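Below: the structure, in structure tokens.
The values are calculated or read from the model by the stated rules, or taken from the named source; none is laboratory data. Nothing here was measured: the structure is a model prediction, and the numbers come from that model. Neighbour counts run over all protein chains shown; Cβ positions are idealised from the backbone, glycine included. Only protein heavy atoms, including side chains, enter the accessible area calculation; ligands, DNA and RNA are left aside. Shrake-Rupley method; radii C 1.70, N 1.55, O 1.52, S 1.80 Å.
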Amino acid sequence: MTTPWTVAPQPVGSPESAELLREYLIDVADRWYVLYEGRTTTPDEIERHLAEDPSDDLAPPDGVLLVARYGGEQAGCVGLRRLDGRTAELKRMYVRASRRGLGGAALLLNAAEEAARAWGVERIVLDTRQDLVEARALYARHGFAEIPRYGNSPYAEVWMGKQLAALPR
């Protein structure tokens with residue numbers, strides 16, 4: 001049986017990528033604003049956040065944006081950027097609500113791990129928030145464990161990492 005899912009790199013500056021990255025930001029920002037301010041984000045706040053934290057670092061040679069499609073329609077994304085020769089960082093993990101629970105997140109994580117191994121890195125790290133319970137559970141199911149804090153994201157509350165097995169030679 002053929003899966004309706006595919007994952008492939010897509011230019012981070014494409015209109016399709018911009019649409020997914022905006023949806024990702026709205027999803028996580030709305031959850032933060034509802035939790036801490038009792039309201040969702042405004043369009044101006046989304047534009048400000050996009051300008052303050054662009055995704056330009058998810059472009060080659062030291063980054064990649066992987067886009068998942070379900071039945072040919074884009075349904076999610078994950079970014080990966082090289083931090084150094086040994087470590088890559090997972091960024092912007094997102095699956096559209098209408099496609100959640102269908103295996104797309106696992107497929108995106110596996111594709112990100114393959115990309116990291118192809119770069120020759122030994123581990124993947126990420127940061128997330130306490131309230132993103134589903135994301136933290138997904139990462140834990142896929143072998144990520146809490147690690148000491150790294151980076152300076154003002155929204156990060158949990159840091160996770162995973163050692164990667166080397167590609168077979």
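Observations on the structure shown:
So that you can scan it fast, the table gives a plain yes or no per residue for (1) basic (Lys, Arg); (2) out of contact with any Ser or Thr (no Cβ under 9 Å at 6 or more places or on another chain); (3) not in a loop (DSSP other than H, G, I, E, B):
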site: GLU89; (1), (2), (3): no, yes, yes
site: LEU107; (1), (2), (3): no, no, yes
site: ASN110; (1), (2), (3): no, yes, yes
site: ASP131; (1), (2), (3): no, yes, no
site: ARG136; (1), (2), (3): yes, no, yes
site: ALA140; (1), (2), (3): no, yes, yes
site: SER153; (1), (2), (3): no, yes, no
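- LEU65 vs. criteria touching a strand residue (DSSP E or B) at 6+ places or on another chain (Cβ under 9 Å), assigned to a helix (DSSP H, G or I) and not polar (S, T, N, Q): no
- Criterion: in contact (Cβ under 8 Å) with a residue 40 or more places away in the chain and under 16 Å from the mean Cα position of the chain (by Cα) - qualifying residue of ALA115, ALA156, ALA105, ALA137: ALA115
- Hits in the stretch 1-43 - residues which are part of a loop (DSSP other than H, G, I, E, B), touching a residue at least 40 places away in the same chain (Cβ under 8 Å) and touching a Leu at 6+ places or on another chain (Cβ under 9 Å): THR3, PRO4, GLN10, PRO11, VAL12
- Scope the stretch 42-69; condition over 21 Å from GLU89 (Cα atoms) and open to solvent by less than 20 Å² (accessible area, probe 1.4 Å); matching residues: ILE46
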